[in-house]
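To keep things clear, I will list the structure first and then write my remarks on it.
The values are calculated or read from the model by the stated rules, or taken from the named source; none is laboratory data. Owing to the predicted nature of the structure, the values given are computational and were not obtained by experimental measurement. Methodologically, a virtual Cβ is constructed for each residue, glycine included, from the backbone with ideal geometry; neighbour enumeration extends over all protein chains shown. Each accessible area value is taken on the protein alone, full model and side chains, heavy atoms only, with ligands, DNA and RNA left out. Shrake-Rupley method; radii C 1.70, N 1.55, O 1.52, S 1.80 Å.
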Amino acid sequence: MIGVNNKRVVKELPLLPIRDIVVYPFMILPLFVGRESSVKAVEESINNFDRLILLSCQKDLHSEMPGPDEIFNVGTVAMIMRMRNLPDGRIKILIQGIRKAKILNYKATNPFHFVEIQEIKDKEIAKDELANLEVKNILTEVKSKLEKLVQTSNQISPDILMILEDIEDPSRLADLIASNLNLNIKDSQIILETTDPLARLQYINDILTNEVDVIQSIQNHDQAKSKLKTNPFGGNEIHSELDEVDEFEELEKRIDEKNLPLHVKKEAVKNLNRFKKMHQESSESNIIRTYLDWILDIPWNETTEENLDLRKAKEILDEDHFDLEDVKERVLEHLAVRTLKKDVSKSPILCLSGPPGVGKTSLGKSIAKAIGRKFVRISLGGVKDESEIRGHRRTYVGAMPGKLIQAMKQAGSVNPLIMLDEIDKIGADQKGDPAAALLEVLDPEQNDSFKDHYLNMEYDLSKVLFIATANYLENLPGPLRDRMEIINLSGYSQEEKLEISKRYLIPKQIELNGIEKEDISFTDISILKLIKGYTREAGLRNLERTIGSVCRKVAKKKALDELKEPIELNPTIVEKMLGAPSFSQDELKKIHEIGIATGLAWTSVGGEILEIETSMMPGSGFTLTGKLGEVMKESAQTAFGFIRSNAKKFGIDDKIFREFEFHIHLPAGAIPKDGPSAGITLATALLSLITNSYVSKDIAMTGEITLSGKVLPVGGIKEKCLAAMRHGIETIIIPWKNQKDLEEIPEHYREKIHFVPVKNIFEVLNVAIIDWENQSSDLKTSDLRKSA
C-alpha cells in the first residue's frame, strides 16, 4: 500500500509534473511551483488527499503544459511537508518521497492532471543473499568510489559519507546516492524504474566508475594527450574529456582576449573555475556555460564610430523623410554637441509622440543611419512582466537576460540606437511593473550602472541613444514621461501626403510589386483622389496600402499580358480599379441646420470631425448618448447649466426646461469619446435647438466652456486643423489663448483657414449661428414650443 507509514491505501492522486529532476523515496527537497495547473494540483493534494501527491518528471523540459505522453509513467508518491506563498505568485513546497508508483490511467487533465496509480515494490532480498560475498563487494565498491568522487570533486557534500556508513540496504543505498549525483534525466529515470536493488546499485556503480575516470583524465590532461597521439585507436575513452578541456581553454582565451572591465573579468574567471569542477552533463554546468557565453557575447567596451558630419547627416534624414523638421533639428543639435565636445558620455532620451502611420519607427532607423550607429528595435507593446526588462534570476530554469541586454548583444556595440517601440502600450500585473523598471533605464544619471538580474552586474547604458515611440502620452506614468524629451509628430496634410506619395510611397510600391515605372504614371489629381476618396487618416499606412492595391492590379494585367500600353491614372480609372470611394465630402452637412453643430476632436490617431446632434421632446431631464467619457459628460452638463442660468439673456422661457426633455447624441456610438474640447460645440448645438436658430455648415469649433461662459484653451490645435482641412472646412473657432499654437501650423496652411479666436460663448454664437444678433429669441422660443 502507498502512504505514510503504510497506513493508507492510495489509488488516485493529483499529479505534479516536475522538470529536470527525478525524486526518489526518502528524498527531501524544496520545489518551486508556478504553473497554474501545478498550483491547483498542490492545493487539491493539501485539501483532499492528506498532503499526498504524485511527482513524475516531464520528458520535455521546455513544455509549459505537458500532456500524458510527455510525462514518465513511473514517479514517486510524496508528502507535502510545508508550503509557502511567494511574492511573485508562485508557491514553494517542501516534499519528502515515500513510495514509487506507476500511472495506470489519466482520469483528468484539466484543470490539473489527476491519475490512477499502482504501487511499485522493489524486489525483496533474502538475508542470506545479503551475506553473499558478491553483494558485499558491490556495496563496498560503491561506497569506496563515492568517497573518491567526494575527495576529487566539489559536486557532492562530504556529509553523505557519514550517512552511508550505517546503511546496508542496497535499495536505500542506491536511492540515496542517485539523489546526490548530478545525473541526467535518462539515467535518473532508469534507476527509479529498476525494481531489482542489486541491478540498480550495479548501474550506479558503473556511473561512479565513469565519473572517477573522467576526473582522473582531466587531471592528467598532458599525459592523456600524449597517449592519444601514440595510440589513437585506444584513446576513445578520453576523447570527450579532451574536448571538454579544449572548451575550457577556449573560454579562458575568450576571457583574456575580450576587453572586459575588471569586475566583470573577476566574475567570469570565478564562474569558469566553478565550471571546470562540474560534470559536463550536469544541469548546473549548462547554466554556468550559458552565463559565460552571455558575458562574453555582449559588448562592454566595443563602440561604433559615429558620423559627426552634420551636412551628410542632414542629407540622409531629408532623403529618407519629408518634413518632420523638429526631430531632424534635435538630432543635428546632438551631433553638433558631439562635434564640439568629444567627451560627451550621456545621450539624449527622446520620445516621438504622434498618431499611427506618421513614420515614428522608420524615423528611428533613419536617425541611426544618419549618425552611424547600430539600430535595434525593442517592441514593448503588451509587455507586463518586469523580468522582460530586468531579466530573470539564474535560479530559474530557462533564465535569460532582459530585452535591453539582449538588444546590446544584437547591436554588438555600447553606443547603438535602441528604439523602445510602443512604450505607451506597456502593462502591469502581479509580476511587476515594466514601466517602473524603465525609470532607471531612461534616467541619464542612473543608467550608467543598470543592473540586470541575470548578469547580476552593473552595465553601462549611458552611451545608448534611446528613442521611444508612443501614440498616447496620457498612458505613460508621470515619472517616466518626465525622463524623456517629448517631440510631437502631427498628422500630414493633403499636400504633404501628395509629396510623400510621389517621393517615397509610389516608387516603393512599384518596386515591391514587380512592375516598372514606365508601366504606370500617377498624376497629381489621381493621387489626390486616393487621398481624399479612399483614406481618411493622420498617417500614411492606408494610403500606402491603397497605392499598393493599384500597383497589384497593374501587375496582374502585365502578368496576363493584357497591358498593351502604359496606364496613366486619372480619377475615373482609379474608381474602376478600386470601386466607389469610401469617403466623400458629401458626408458633411450640405445645408445650415438647427440643433446640429460641428466640433473638432483630438484622438490618439490624429484629429477628427465631431458632429453633435440635439433634440427635444415632451418630458423632463437630460440624456447623453454616444459612448461618452466622464469629462465629456461633465462638459455637456456645464454647457446645459450655463444655458439655464442665462436663459433670460437669450430670451428663453424657463418653463421649456421643465416641460421638455433634451437629448444630446454624438454619432459613431461604438467609438469612445472624451475630453473637454467639445464644450462650446455642445452649447452652440443646444442654443440652436432651443432658439430655433441655424448653425452655419461651414464652421467647425473647439474649446472648453465654463459655467460663466468663458472659453478655455484646449490641446491638439494642429491636428484638429488638419482634420478640418481634410473635410473641406475653412473657418475654425478656437479659444483666444490658443492663438500661440497657430505658430506650429505651417504658414501655407494658415493661409487656407480662417481662424476666429474667441474669449466667451457669446462671441462663438455671433460667428457660428446665422444672423444671431438680429433674431428675436423670445419669438423663436415660443414658435418652437408651439411646434413641439
Step by step: first the residues of segment 675-689, then only those that are surrounded by 24 or more Cβ atoms within 10 Å (Cβ to Cβ) and among the small types (Gly, Ala, Ser), then the one that is farthest from ASN646 (Cα to Cα). Which residue is that?
SER677
Per the filter on segment 371-392, residues open to solvent by less than 10 Å² (accessible area, probe 1.4 Å), within 29 Å of HIS321 (Cα to Cα) and out of contact with any Lys or Arg (no Cβ under 8 Å at 6 or more places or on another chain) are ILE371, VAL376
For THR598, only one of the following conditions fails: (1) farther than 30 Å from LEU489 by Cβ; (2) modelled with pLDDT of 90 or more. What is its number?
(1)
Can you name the residue in segment 639-674 that is crowded, with 18+ Cβ neighbours inside 10 Å and in contact with a Gly (Cβ under 7 Å, 6 or more places away or on another chain) and, of all such residues, is nearest to ALA597 (Cα to Cα)?
LEU666
Please give the helices (runs of 4 or more DSSP H) falling wholly within segment 466-571 in which 1 or more residues are in contact with a strand residue (DSSP E or B) (Cβ under 8 Å, 6 or more places away or on another chain) and of a type outside the set (D, E, K, R).
506-512, 541-559
Looking at segment 177-201, which of its residues are open to solvent by 40 Å² or more (accessible area, probe 1.4 Å), at pLDDT 85 or above and either under 19 Å from ILE160 (Cα atoms) or among the acidic types (Asp, Glu) (or both)?
GLU193, ASP196
Here is a list: ALA126, ALA108. Which entry is aliphatic (A, V, I, L, M), open to solvent by 30 Å² or more (accessible area, probe 1.4 Å) and more than 26 Å from LEU31 (Cβ to Cβ)?
ALA126
So ASP69, is it within 24 Å of LEU192 (Cα to Cα), crowded, with 16+ Cβ neighbours inside 10 Å, among the acidic types (Asp, Glu) and out of contact with any strand residue (DSSP E or B) (no Cβ under 6 Å at 6 or more places or on another chain):
no
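Kindly evaluate ALA723 against the criterion of being within 25 Å of LYS752 (Cα to Cα), small (Gly, Ala, Ser), part of a helix (DSSP H, G or I) and touching a residue at least 12 places away in the same chain (Cβ under 8 Å).
Values: within 25 Å of LYS752 (Cα to Cα): yes; small (Gly, Ala, Ser): yes; part of a helix (DSSP H, G or I): yes; touching a residue at least 12 places away in the same chain (Cβ under 8 Å): yes.
In short, yes.
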So which pairs qualify, if the first residue must be in segment 356-374 and farther than 16 Å from ILE423 by Cβ, the second must be part of a helix (DSSP H, G or I) and basic (Lys, Arg), the Cβ gap must be under 9 Å, and the two must be at least 6 apart or on different chains?
GLY357/ARG541; ILE367/LYS328; ALA370/LYS312; ALA370/LYS314; ALA370/LYS328; ILE371/ARG338
Checked against (1) over 16 Å from ARG726 (Cα atoms); (2) out of contact with any helix residue (DSSP H, G or I) (no Cβ under 8 Å at 6 or more places or on another chain); (3) not acidic (Asp, Glu), GLY539 satisfies every condition except (1)
Every residue from segment 156-170 that is assigned to a loop (DSSP other than H, G, I, E, B) and free of Cβ contacts under 8 Å to residues at least 12 places away in the same chain
PRO158, GLU165, ASP166, ILE167
Identify, from the list VAL33, VAL23, VAL42, the residue that is in contact (Cβ under 8 Å) with a residue 24 or more places away in the chain, open to solvent by less than 10 Å² (accessible area, probe 1.4 Å) and either more than 23 Å from LYS431 (Cα to Cα) or among the charged types (D, E, K, R) (or both).
VAL23
Specify which of the listed residues (ILE287, ILE367, ILE295, ILE316) is buried (at least 17 other Cβ atoms within 10 Å of the Cβ) and in contact with a strand residue (DSSP E or B) (Cβ under 9 Å, 6 or more places away or on another chain).
ILE367
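The rows are residues; the columns are (1) under 23 Å from ASP448 (Cβ atoms); (2) out of contact with any helix residue (DSSP H, G or I) (no Cβ under 9 Å at 6 or more places or on another chain); (3) touching a residue at least 12 places away in the same chain (Cβ under 8 Å); (4) not acidic (Asp, Glu).
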{"residue": "ASP385", "(1), (2), (3), (4)": "no, no, yes, no"}
{"residue": "ARG390", "(1), (2), (3), (4)": "yes, no, yes, yes"}
{"residue": "VAL397", "(1), (2), (3), (4)": "no, no, yes, yes"}
{"residue": "PRO416", "(1), (2), (3), (4)": "yes, no, yes, yes"}
Which listed residue is over 31 Å from the mean Cα position of the chain (by Cα) and either more than 30 Å from TYR492 (Cβ to Cβ) or in a helix (DSSP H, G or I) (or both), from VAL264, VAL269, VAL327, VAL331
VAL269
Quick one: would you say SER526 is of a type outside the set (A, V, I, L, M), closer than 15 Å to PRO581 by Cβ and touching a residue at least 24 places away in the same chain (Cβ under 8 Å)?
yes
Single unsatisfied condition, VAL711 versus (1) closer than 14 Å to ALA683 by Cα; (2) open to solvent by 50 Å² or more (accessible area, probe 1.4 Å); (3) not in a loop (DSSP other than H, G, I, E, B):
(2)
Suppose we keep only residues that are open to solvent by 10 Å² or more (accessible area, probe 1.4 Å), in a helix (DSSP H, G or I) and touching an Asp or Glu at 6+ places or on another chain (Cβ under 6 Å) within segment 401-453. Which one would you say is farthest from SER387 (Cα to Cα)?
ASP448
Within segment 626-681, of all residues that are farther than 23 Å from GLY716 by Cβ and of a type in the set (Gly, Ala, Ser), the one modelled with the lowest pLDDT is GLY651
Name the pairs: first residue in segment 293-308 and within 14 Å of ALA368 (Cα to Cα) and in a loop (DSSP other than H, G, I, E, B), second residue modelled with pLDDT of 90 or more and open to solvent by 30 Å² or more (accessible area, probe 1.4 Å), Cβ to Cβ under 8 Å, at least 6 apart or on different chains?
THR304/LYS374
Residue check, LYS365 within 29 Å of ARG536 (Cα to Cα) and either charged (D, E, K, R) or over 26 Å from the mean Cα position of the chain (by Cα) (or both):
yes
Selected residue (criterion: surrounded by the fewest Cβ atoms within 10 Å (Cβ to Cβ)) from residues of segment 612-634 that are outside any loop (DSSP other than H, G, I, E, B) and charged (D, E, K, R)
GLU630
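This table checks each residue for (1) assigned to a loop (DSSP other than H, G, I, E, B); (2) farther than 16 Å from LEU52 by Cα; (3) of a type in the set (Ser, Thr, Tyr); (4) out of contact with any Ser or Thr (no Cβ under 8 Å at 6 or more places or on another chain).
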residue: ILE80; (1), (2), (3), (4): no, no, no, no
residue: ARG84; (1), (2), (3), (4): no, yes, no, yes
residue: ILE95; (1), (2), (3), (4): no, no, no, yes
residue: ILE98; (1), (2), (3), (4): no, no, no, no
residue: ILE103; (1), (2), (3), (4): no, no, no, no
residue: PHE112; (1), (2), (3), (4): yes, no, no, no
residue: LYS123; (1), (2), (3), (4): yes, yes, no, no
residue: GLU129; (1), (2), (3), (4): no, yes, no, yes
residue: LYS136; (1), (2), (3), (4): no, yes, no, yes
Take segment 739-774 and flag every residue that is open to solvent by less than 60 Å² (accessible area, probe 1.4 Å) and at pLDDT below 90.
ASP741, LEU742, ILE745, PRO746, TYR749, ILE753, TRP772
